[in-house]
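Here the structure comes first, spelled out in structure tokens, and everything after it is commentary.
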Amino acid sequence: MNLLAVSINHKTAPVKLRETLYLSENEVRELIEKVKREYFTQGLLISTCNRTEIYGIPDSKAITHLHLQRLITESKNSVNTTAENFQTFISRDSLNHLFSVITGIDSMLIGDNQIFKQVKDSIHIADEMHFTGFLMRHVFDSAIRVGKRAISETKISEGAVTVSYAAVQLIEKIFSNLGKKSALVIGTGETGEIAAKHLADKGIAKLTVTNRTTKKAKLLANKLNCSLLLFEEFKDHLHKYDIIFCATSSEDILIRKQDIETAMKKRGYAPMVLMDIAVPRDIDPESKEIDYVFYHDIDSLNIIVEQNVAKRRDEIPKVKKIIEEELDSFFEWYNSLQSAPTIKNLRDHFDAIRAEEVEKNINKFSADDREKLEIVTKRIINKILHAPTVELKKVNDSGTGAEDAATKIGIIRSLFGIDKAKSDIKE
């Protein structure tokens, strides 16, 4: 199968280059239109913060990986790349790479559970753009099936592998019902924003954000539809929150042990969780000595992350086994799209129908006529299948491209229901 694939990703390019080559949805759609005009009519284009990839079945043998590399590079102005920035794949290797991507074992964060949705969204765009031919439709179906199997049959996506998410998962273990709890996130940079989003996704009852720069805090508050607290005032409100999440870039301690002691007295010593993932730390680590205070810093959270990463690594062989099974299944189907196996399958299919009908009606014929019935019905089948058989033989002998031939044969198989014939007949 002449499926070409080119990828520029976190293994081959620095973050600055990956960011430059990232394509928005509109840019993806524009590039697909260009690809359809010049290179191939069915394929897939994936672009995330960590990878930009093109898959496709070329319209001619003249089209190579170099054309696809040039497409990616020229999608943005003034971008310098080298051959080392790209990974290239063909046939089974292309499929293996796509399956590795959708299962998350090729991600920067092993088992990244966002990539499954991102690939599905890319497939949806390909469908909308009529970039999905007969063969690529089967590629897409197989990829989605692999992704679902990896999620349901392995633990590749279980356990937090980022400090922010590890903190939120730990909070869930301390407070079983976040729907009755309140949280204050101090610092609305990337880490703080991710933490706030995780808390919102987990259904926290009340979420408040604050930041030294009020404008940034307002933007996040509007984005998450949560409350905003002025940075100068947050210490006066610490007692109102069950969870304090710190992620600022301050060089000094922001919250002293005395501040927490004062807040706990006002709370009547109701439990409070302190999550300090700032470097250097925002909260005085001595605060953990206060009764009913659960304190964690980035070091303790990193231990959890490392344990979870190790567990996910242990799941990679299981995912690879699923990938191999699905690759074998796909190419078993693809190899059936040849004239010889299809002729045999077609004849077997029609003969099974003939034999079933003969068996149903055999008692209506005398013993002398039963042999004649077999001969006559077989002749009928042979005459019906003569023209299709001749045409199928012509497909591979005509010089038509292999993918074209496979598509035509695939249509015949679908038309006659060959691939599901056995189960249909039993029913």
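Got a sec? Which of LYS266, LYS320 is within 30 Å of LEU98 (Cβ to Cβ), of a type outside the set (A, V, I, L, M) and in a helix (DSSP H, G or I)?
Residue meeting the stated conditions: LYS320.
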Requested in this report: Scan the range 31-50 and report the pairs whose first residue is not assigned by TED's automatic domain parsing to the domain that holds SER107 and whose second residue is surrounded by 22 or more Cβ atoms within 10 Å (Cβ to Cβ) and hydroxyl-bearing (Ser, Thr, Tyr), with Cβ atoms within less than 7 Å and a gap of 6+ or a chain change.
Outcome: none
Query raised in the report: Could you say whether any residue in the range 50-64 is over 20 Å from ILE115 (Cα atoms) and charged (D, E, K, R)?
Result: yes
Report summary line: How many residues of the range 249-268 are polar (S, T, N, Q), surrounded by 14 or more Cβ atoms within 10 Å (Cβ to Cβ) and modelled with pLDDT of 95 or more? The answer is 1
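Yes/no matrix, rows are residues, columns are (1) open to solvent by 50 Å² or more (accessible area, probe 1.4 Å); (2) in the same structural domain as THR191 (by TED's automatic domain parsing); (3) closer than 30 Å to ALA167 by Cβ:
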residue	(1), (2), (3)
MET272	no, yes, yes
ASP276	no, yes, yes
ASP314	yes, no, yes
GLU324	yes, no, no
LEU327	no, no, no
PHE330	no, no, no
THR342	no, no, no
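The values are calculated or read from the model by the stated rules, or taken from the named source; none is laboratory data. Computed from a predicted structure; not experimentally measured. Methodologically, a virtual Cβ is constructed for each residue, glycine included, from the backbone with ideal geometry; neighbour enumeration extends over all protein chains shown. SASA here: full protein model, heavy atoms, side chains in, ligands and nucleic acids out. Shrake-Rupley method; radii C 1.70, N 1.55, O 1.52, S 1.80 Å.
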